[in-house]
2 protein chains.
Amino acid sequence: MNSDFCSKNGVITMVPEIDEGVSLERIKEFPLEKLLGMAIKAEIGAKKFYESLAERIDIQELKNKIEWLAGEEGKHEALLRKIYAEMFRGKEVVFPKEHIGPELKPVERELQGVQDLLELIRWAMKAEEIAAHFYEGLIDMVDTEEKKRLMRYLSDMEKGHYYTLRAEYELLLDWEMYSQMMHVGP
Amino acid sequence: MNSDFCSKNGVITMVPEIDEGVSLERIKEFPLEKLLGMAIKAEIGAKKFYESLAERIDIQELKNKIEWLAGEEGKHEALLRKIYAEMFRGKEVVFPKEHIGPELKPVERELQGVQDLLELIRWAMKAEEIAAHFYEGLIDMVDTEEKKRLMRYLSDMEKGHYYTLRAEYELLLDWEMYSQMMHVGP
């Protein structure tokens, strides 16, 4: 199901950066080539999402963290491209239209307050969590011990991102404290 | 139980940087002031451990990650000192002799190959995992919603560290691949 809308606490909110993707259960339906294409597409999307989000954040500490996440996703993209090139020698990466979990897209508008930021971080957390499970699912689908190891690596890295985001999210919920801690505002 | 030895796969190894601490179950036996002292001590120890470990690592990527962890622990120390100062106004932080889980100490020797590095990362993972549970345990012991939030923050950050380390650990297990990926060696 593709949708530009999400329902949270009974309130329908439009989040233009998010497209809900196909469910994780459907992984087995796709050939590995397509799954790697989906993974590369997801890493590119996440990188652009974090880059554009960082540009819109004034809090230096948080900006740094989000930029760091963008850099990490860039490295994952490169790693996956290597694996793809090795497995499907000479073939161009095909980016399928499907994607697993929420697809992150660049944030092209100014953020309207902390609620807006929280909403985006919540989606990023969901995307990271699903990515972690996605790579876990690929462990059984790739052929060599080396590739399985890389999938475990990617899965753990995304879990690390998930908890890093969740930590920030937790603090941002108390904006007054957060801004005091981060020396934001007057 | 304090011990400079650990048993792994039936082999007794001396790991001079590690002291096994008191178990997590004993948290409730200590007053909050002492627990915060233990937490600050642990963060200082972890910071020194990561700093000294980073100095002994030649692989730039991994060195950066470990240095980043050292910086994070430094920030946690500062945050905990703030909480302590607010709760026990005018009191110097007392560092108890007890510590929860493995106590990380500076690495003062040259690392002897990847097995040595793996052993240290394994202990760091254990320390991060226990720290995450430790802070979770403190959520119910601190008095305000703000402090509970900070404990959740610290707990999630340590979980993030745990998975970051686990990801690296996973790759390091295949040293040949790791060194290829990280462009190490000749």
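Laboratory data are not the source of any read-out in this text; all were calculated from the coordinates shown. Note that the structure is predicted; figures quoted are calculated from it, not measured. As a convention, Cβ positions derive from the backbone with ideal geometry for all residues, glycine included, and neighbour counts pool all protein chains shown.
A few notes on this one:
- Our Cα-only numbers for the stretch A:135-186 put the radius of gyration and Dmax at 17.9, 57 Å.
- Applying Stokes-Einstein at 4 °C and 1.567 mPa s to the Kirkwood radius of the stretch A:25-65, computed over alpha-carbon pairs, gives a translational diffusion coefficient of 107 µm² s⁻¹.
- Rounded to the nearest 500, the helix-only mean residue ellipticity at 222 nm of chain B stands at -21500 deg cm²/dmol, with each DSSP H run of n ≥ 4 adding -39,500 (n - 2.57).
- Loop-located GluC sites (Glu not before Pro) in the stretch B:94-158 (DSSP state not H, G, I, E or B) with no more than 11 neighbouring Cβ atoms inside 10 Å: B:Glu108, B:Glu110.
- The angle between the Cα long axis of helix A:32-55 and the longest principal axis of the Cα atoms of chain A comes to about 20 degrees, rounded to the nearest 10.
- Along each principal axis, Cα extent of the stretch A:63-152, largest first, Å: 47, 27, 24
- Nearest chain B C-beta to the B/A rotation axis, reported as residue and distance in angstrom, is B:Gly160, 2.
- When the Gaussian network model of chain B links Cα atoms closer than 10 Å, the mean-square fluctuations of B:Met151, B:Met38, B:Met87 top out at B:Met87.
- Ascending list, in nanometres, of distances separating the A:Glu108 label from those of the other copies (7 Å, Cα toward Cβ): 6.0
- Stokes-Einstein D in µm²/s, Kirkwood radius over Cα pairs - the stretch A:21-92 at 25 °C with 0.890 mPa s viscosity: 181
- Cα gyration tensor of chain B - equivalent ellipsoid semi-axes, whole Å, descending: 31, 18, 14
- Using only alpha carbons, the stretch A:78-125 has a radius of gyration to Kirkwood radius ratio (Rg to Rh) of 1.18.
- The eigenvalues of the Cα gyration tensor, multiplied by 5 and square-rooted, give the stretch B:60-103 an equivalent ellipsoid with semi-axes of 27, 15, 6 Å from largest to smallest.
- Candidates B:Glu77, B:Glu176, B:Glu51, ranked by Gaussian network fluctuation over chain B, Cα under 10 Å, top entry: B:Glu176
- Dmax and Rg, reported as Rg then Dmax, of the protein assembly as shown (C-alpha, Å): 21.7, 68
- Helix B:60-87 axis, angle to chain B major axis (alpha carbon atoms, nearest 10°): 10
- Averaged over the residues of peptide B:158-166, the number of Cβ atoms from other protein chains lying within 10 Å of each residue's Cβ is 6.
- Treating each Cα of the stretch B:99-186 as an identical point scatterer and summing with the Debye formula, the log10 of I(q)/I(0) at q = 0.15, 0.16, 0.20, 0.24 Å⁻¹ comes to -0.67, -0.73, -0.94, -1.14.
- Inter-copy spacing of A:Gly90 label points, which lie 7 Å from Cα along Cα→Cβ, given in nm from shortest upward: 8.2
- With at most 13 neighbouring Cβ atoms within 10 Å, loop trypsin sites (Lys or Arg not before Pro) (DSSP) excluded, longest segment of chain A: A:1-88
- Label distances, nm, B:Thr144 versus same residue in remaining copies, Cβ-directed 7 Å point: 5.6
- Length-normalised contact order of chain A in % [C-alpha pairs under 8 Å, at least 6 apart]: 23
- Whole-Hz couplings from phi, Karplus 6.51/-1.76/1.60, listed for the stretch A:114-121; x for Gly and Pro: 6, 4, 5, 4, 4, 4, 5, 5
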